[in-house]
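The values are calculated or read from the model by the stated rules, or taken from the named source; none is laboratory data. Owing to the predicted nature of the structure, the values given are computational and were not obtained by experimental measurement. Cβ coordinates were reconstructed from backbone atoms using ideal geometry, including for glycine residues, and neighbour counts include every protein chain displayed.
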């Protein structure tokens with residue numbers, strides 16, 4: 001569901017793909033992240049996404065109260081402390097989305113799907 005704003009001058013609609021791209025770029029800037037993951041529908045196996053498909057690793061759900069829930073599937077570097085990296089991603093994504101889009105984020109959920117090099 002796109003995010004909509006209405007003011008005295010008109011209406012602004014922000015598509016989910018724009019929000020997903022902002023989230024994917026923020027996640028990829030985080031230390032310890034190899035890339036975003038997507039589930040293969042036929043095999044139910046997660047795969048590392050290429051740059052052009054990064055937004056497939058992000059799911060956004062809009063709540064009735066206007067806030068959003070974000071789910072991000074990632075691969076993390078081997079040897080990195082997963083809780084520390086995950087908390088860093090949560091804080092950065094929440095800050096970036098709220099600042100860029102003026103949308104309250106209810107939750108950011110990190111799904112670590114694998115470990116890479």
I need a count of the residues in the stretch 88-111 that are assigned to a strand (DSSP E or B) and buried (at least 18 other Cβ atoms within 10 Å of the Cβ). 3
Hey, among the residues in the stretch 15-48 that are at pLDDT 85 or above and in a loop (DSSP other than H, G, I, E, B), which one's nearest to residue 90 (Cα to Cα)? 30
Those residues that are within 24 Å of residue 113 (Cβ to Cβ), loosely packed, with under 15 Cβ neighbours inside 10 Å and in contact (Cβ under 8 Å) with a residue 40 or more places away in the chain, I need them from the stretch 62-79; list them, please. 69, 77
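From the list 72, 85, which one is in a helix (DSSP H, G or I) and under 13 Å from residue 27 (Cβ atoms)? Spell out the reasoning first.
On the way: 72 fails: in a helix (DSSP H, G or I).
One residue alone meets the criteria, 85.
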With respect to residue 12, is the statement that it is at pLDDT 80 or above and either surrounded by 14 or more Cβ atoms within 10 Å (Cβ to Cβ) or closer than 20 Å to residue 107 by Cα (or both) true? no
